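Novice: I am attaching a structure below and will ask some questions about it afterwards.
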Amino acid sequence: MAGYNTPIPTSVMTPDTVSTRIGELRFADGVPTPETTQTLFDHLDFLRGVEAFLNCIPAASLEGLRRGMLQLGMDACHKGGITDRLLDSNPLLLTGNCDTVYAFAMLDLERDGATVVEVPPGCGPGTVDDAWFRFVVDMGMPGPDRGAGGTYLIVPPGYDGERPDGWFVAESPSAVNFLILRGFLVDGKADAAVTMFTEGVKVYPFSERNDPPAMEWTSASGDEINTVHANDFTFYEEVAHVIAKEPIGVIDAETRGLLASIGITKGAPFAPDERMRKILTDAVAVGNGTARALGFRPREDGFRIYPDRRWLNPFPGGDYQFLRDQGAGGRFLDGRTTFFYLATVNTPAMALKMVGKGSQYAYATLAADGEPLDGAKNYRMRLPADAPAADFWSVTVYDPQTRSELQTGQPLPGRSSRDALVYNDDGSVDIVFGPDEPAQLATNWLQTVPGKGWFTLLRLYGPLEAWFDGTWKPGDIEAD
C-alpha cells in the first residue's frame, strides 16, 4: 500500500468517501473536509442533546414539581400543599392517584440549612427525594419510624452539626428536596388523613427549632397547577436551573460533562447560539419521542410482567436505582427514562418485594389486541377474585399526553376495592371503560374521551405473595 512500509489492515483505514445515515462523509487521507467536520459536529451536538434529555428527565421533573409548588405559594418549607379533597384531574401531576390524600412540601437546604420534618403516628408511605429525584429517606410505615411517627432531620452534604438523639437523620446531596406523604381514606373519606397531616406534620429549619413557624397548608385539590416538565427547548432551561442551583457534586462528572457539551455548566449562563438552539430543538423532539416509545411501546421483555399479557412494570428489574442484576449489568437506562417520564417519587417501597407493605404497580398502554386504547370505544378489564392487596387496590386512567389523570366528566378518574363495586359470582370484578355511562356496571365505569387515547395504572397497596409469584394476574383490557 502506497505510503506505508508494512501492510496496514483495512479495518483501521478510513475511505475518502463514506456513506452514512447523516449523509456522505468526505476525507482527505483520513482528515475530514471542513463540510464533513461541521456535519459531524452538528450530529454530535444532536446526539448529546438527545442523551441529555433521556438522562436528565429526573432533574427536569423535580424542577417541574418545584415550579408547580410555587404556583401554590409554597415558597418556604413550612408552607405545604394538601389534596384535602383528593387529587382530581385539574392539576397536572405525573400519574398521581385519587385514592389517597397527598401532603407535600419543598425543602431548600441551601436557604434553610438542615430541615426538620415531624410526621405523626399512622402516617402512610412518605418519601423525600433529592433534586435529581433520587431516594433520600422514607417516612411513615415504610420508613424507620415504622408508622409510629417520629422526627426526621434532612441535612446537606458535609453536615457536621447537631444530630439529636432519637431523631432520624438523612443526608441529601442536593439543596432542593421534595417531601411527599400519603394518607389512606377512612370509610371512604379524606377527613382523618387531612386532620392527621394538618395537625401532626411540621416542617421547619433546624435553626428555628425553639420557635418554629406554624405550618401553612394550601389545598391542591381542583387547582390548575402544572408540575410536569417541558418537552420542548425549555426542558434544557429547566435542567440548567437545577445545575445553577445545586452543589456541583449533585451529579457525577460524566453527567456534568454531557451537559457541559451542550452548554449547561454551573457558574455560567445557558445561552446557546442560533445554531445550537436549532439543534437542541430537534434533539428534544427526538428525545421526547424516544421516551414515549420506551414508555408506551417498550421493546425489552424486562418491561413485561407476564409473557402472555400487556401489563408493564414501571420498575423493570425491581430496583429503585434501575440497576440490572444488582449492578452487574449496569444501569437500566431505558427503565429509568421510562419511569421518570411517566411517574414521580422514587423509593424502594415502590420497587422491592415487601409482602403486605409498600405498594406495587402495573400499567397498560395497549388493548389485548395490541392497539392503542381509544377513548371512543368501550373496553372491559377483569380482575380475578382475591386481589392480593392487604390494604386495597385501585385502577386509574391517565392521559398519554400529560401522563396525568384523564380529564373527563369524572373529576376523580379512578375505581378501587373500597368503592361499592358490582362483583361477579366468582368474586372477580370487571372494570369497564368508555365514553358513555353503561346501563349496567355504572359503579365500575371509568369514563374516557372520544378523540383521545388513554392508559391505566393498577396499584396494589400492601401487595401479597400471589402478586409476586404471579399466581394472581389481572386480565388484559378487552374491547367490548
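Here, each number is a calculation from the coordinates, and none is a lab measurement. Keep in mind it's a predicted model, so treat the numbers as computed, not measured. Methodologically, a virtual Cβ is constructed for each residue, glycine included, from the backbone with ideal geometry; neighbour enumeration extends over all protein chains shown.
Novice: With a cut-off of 8 Å between alpha carbons and a minimum separation of six or more residues, what is the relative contact order of the chain in percent?
Specialist: In percent, rounded to a whole number, it is 17.
Novice: When you have a sec, figure out the Kirkwood radius of segment 189-334 from all distinct Cα pair distances and drop it here in Å to one decimal?
Specialist: 20.0 Å
Novice: Could you list Glu118, Glu110 so that the one with the fewest beta carbons within 10 Å of its beta carbon is first and the one with the most is last?
Specialist: Final ranking by Cβ density, sparse to dense: Glu110, Glu118.
Novice: So what is the relative contact order of segment 157-308, in percent, for Cα pairs below 8 Å that sit 6 or more residues apart?
Specialist: About 19 percent, as a whole number.
Novice: Still on this structure, I have one more. Rounded to the nearest 5, what % of DSSP beta bridges with both residues in the chain are antiparallel?
Specialist: Rounded to the nearest five, the antiparallel share is 85 percent.
Novice: Now, a different point. Over segment 99-150, one equal point on each Cα, no solvent: what is log10 I(q)/I(0) by the Debye formula at q = 0.21 Å⁻¹?
Specialist: Rounded to two decimals, the profile gives -0.83.
Novice: Taking the radius of gyration and the Kirkwood hydrodynamic radius from Cα positions alone, what is the Rg/Rh ratio for segment 298-479, to two decimal places?
Specialist: Working: Rg = 16.1 Å, Rh = 16.9 Å.
That ratio is 0.96, to two decimals.
Novice: Using only Cα atoms, what is the ratio of the radius of gyration of the chain to 2.2 N^0.38 Å?
Specialist: 1.08
Novice: In whole Å, what are the Cα extents of segment 299-344 along the three principal axes, biggest one first?
Specialist: 28, 23, 16
Novice: Right, here's the next one. Anything in the chain that counts as a DSSP H helix reaching 18 Å or more along its axis (C-alpha) with Kyte-Doolittle mean of at least 1.6? List them, would you? Let's see the in-between values first.
Specialist: Numbers: long enough: 34-71 (49 Å, 0.04); 274-296 (33 Å, 0.08).
Helix filter hits for the chain: none.
Novice: Based on DSSP H runs of at least 4 residues, each adding -39500 (n - 2.57), what is the mean residue ellipticity at 222 nm of the chain after dividing by all its residues, to the nearest 500 deg cm²/dmol?
Specialist: Using -39500 (n - 2.57) per qualifying helix, the result is -7500 deg cm²/dmol.
Novice: Give me His229, His43 ranked fewest to most by other Cβ atoms within 10 Å of their Cβ, as a rough exposure proxy.
Specialist: Arranged by neighbour count, lowest to highest, His229, His43 become His43, His229.
Novice: Dividing the Cα radius of gyration by the Kirkwood radius, what Rg/Rh value follows for segment 162-260?
Specialist: Details: Rg = 18.7 Å, Rh = 17.8 Å.
Ratio of gyration radius to Kirkwood radius: 1.05.
Novice: Still on this structure: List the relative contact order of segment 172-254 as a percent without decimals, with contacts defined as Cα pairs under 8 Å and 6+ residues apart.
Specialist: Result for segment 172-254 is 36 percent.
Novice: Please compute the alpha carbon radius of gyration of segment 169-212, then divide it by the globular-protein estimate 2.2 N^0.38 Å. Two decimals is fine. Mind showing how you got there, number by number?
Specialist: Details: Rg = 14.3 Å, N = 44, 2.2 N^0.38 = 9.3 Å.
Normalised Cα radius of gyration, segment 169-212: 1.55.
Novice: Oh, and also: Stretch Glu208-Thr290 to full length: gain in nm at 0.36 nm per residue minus the Cα-Cα span?
Specialist: Working it through step by step, the gained length comes to 24.9 nm.
Novice: Let me ask something else about it. Loop only by DSSP, 13 or fewer other Cβ within 10 Å of the Cβ. Give me the GluC sites (Glu not before Pro) in segment 243-333 that pass, ordered by residue number. Please report the intermediate quantities before stating the final value.
Specialist: On the way: sites: Glu254, Glu274, Glu300; in loops: Glu300.
Answer by residue number: Glu300.
Novice: Here's something else I'd like to know. Using modelled amide H (1.01 Å from N, peptide plane; none on Pro or chain starts), what sits under 5 Å from the amide H of Leu464, excluding residues fewer than 5 places away?
Specialist: Gly356, Ala389, Ala390
Novice: On alpha-carbon atoms, Rg over Rh for segment 73-219 using Kirkwood Rh?
Specialist: 0.95
Novice: Given that compact globular proteins tend to follow 2.2 N^0.38 Å, what is the ratio of the alpha-carbon Rg of segment 427-480 to that value? Mind dumping the intermediate values first?
Specialist: Numbers: Rg = 13.8 Å, N = 54, 2.2 N^0.38 = 10.0 Å.
Relative to the 2.2 N^0.38 Å estimate, segment 427-480 comes out at 1.38.
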